[in-house]
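Some notes on the structure that comes next.
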Amino acid sequence: MVQQVSQTVIYPDSDGQPMAENTQQFQWIVVIKENLEILFANRPDVFVAGDLLWYPVEGDNKTRQAPDAMVAIGRPKGHRGSYRQWEEDNIAPQVVFEILSPGNRLAEMNRKFKFYERYGVEEYYIYDPERLDLAGWLHRDGELAMIEEMSGWVSPRLQIRFEFPSTGLELYYPDGRRFLTSVELHQQAQESEQRARQLEEELAAEKVRSQRLAEQLKRLGIDPDSQV
């Protein structure tokens, strides 16, 4: 009699590769991922991740990719060691971003492209911050078709706008605000806080002036609260 022994497939949470090869690449990954988090902060059904291994096929731990940033609409927020598609209602990430570094090779990018095309990515964007090169693809008729003009392009899924001036990529929220770095966001918050404090001080000073004026009028026998 032959005894069958079932083996549990292990899906590693790391592929042993660094998240980024230089500070510029890392900053862009963080900017895109964190601003997408902000964009969908009030959507509990949108999962955003950066450098997270995605396994599309149950039982296959070799077929995998770790997009620099990805968005899975229809999946709840929460921490994951990896994105195992069969545990996610079989929903593939609809939008994927890759930020190139000098170490990226053509063969590697071609493998990634075929992976994303095969496993159902609807929108795929690549940005090279060193060469100031931007490209995008949209899933049509079973394949990823190149977007002819990226400057001014609005993502069908995310509704964010891509602009590509001579200085490089700029991304904008649906309401027109630009994607900012964490430092810029901190500075913006500080400026808002400072304006709020200044307004509060001005209101307090105006209240003091009003009280002094009321006291002067009373000394002159005029009731400041009376209606003429």
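Every read-out reported here was derived from the displayed coordinates using simple, explicitly stated rules and does not represent laboratory data. Everything numeric in this text was worked out from a predicted model, so none of it was measured. FYI the Cβ positions are ideal-geometry reconstructions off the backbone, even for glycines, and counts take in every protein chain you see.
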query: Taking each full run of DSSP H in the chain as one helix, which ones are at least 20 Å long along their axis (Cα atoms) and have mean Kyte-Doolittle hydropathy of at least -0.5?
result: 23-39
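So in the chain, what percent of DSSP beta bridges are antiparallel if you round to the nearest 5?
Bridges in the chain are about 75 percent antiparallel.
For segment 16-167, give the magnitude of the charge dipole about the Cα centre (Cβ charges: +1 Lys/Arg, -1 Asp/Glu; no others), in debye to the nearest 20.
Roughly 300 debye for segment 16-167.
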field: lysines with Cα under 19 Å of Lys62, excluding same-chain neighbours fewer than 8 positions away
entry: Lys112, Lys114
GNM top mover of Ile99, Ile32, Ile147 - the chain, alpha-carbon springs below 10 Å: Ile147
message: Below 19 Å, Cα to Cα, which lysines can Lys207 reach? Residues fewer than 8 away in the same chain don't count.
response: Lys218
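For the chain, what percent of Cα pairs sit more than 23 Å apart?
Numbers: 15189 of 25878 pairs.
For the chain, the share of Cα pairs beyond 23 Å comes to 59 percent.
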- prompt: Can you give the longest stretch of the chain with no exposed loop site, where a site means GluC sites (Glu not before Pro) in a DSSP loop (not H, G, I, E or B) with at most 16 other C-beta atoms within 10 Å?
  reply: 150-228
field: Share of alpha-carbon pairs per 5 Å distance bin for segment 53-187, given as whole %
entry: 2, 9, 18, 21, 20, 16, 10, 4, 1, 0
field: Reach of Lys33 by Cα under 16 Å, taken over lysines that are not fewer than 8 positions away in the same chain
entry: Lys77
- request: Starting from 0 in steps of 5 Å, tell me what percent of the Cα-Cα pairs of segment 1-104 lands in each bin.
  value: 2, 12, 21, 21, 17, 12, 7, 3, 2, 2, 1, 1, 0
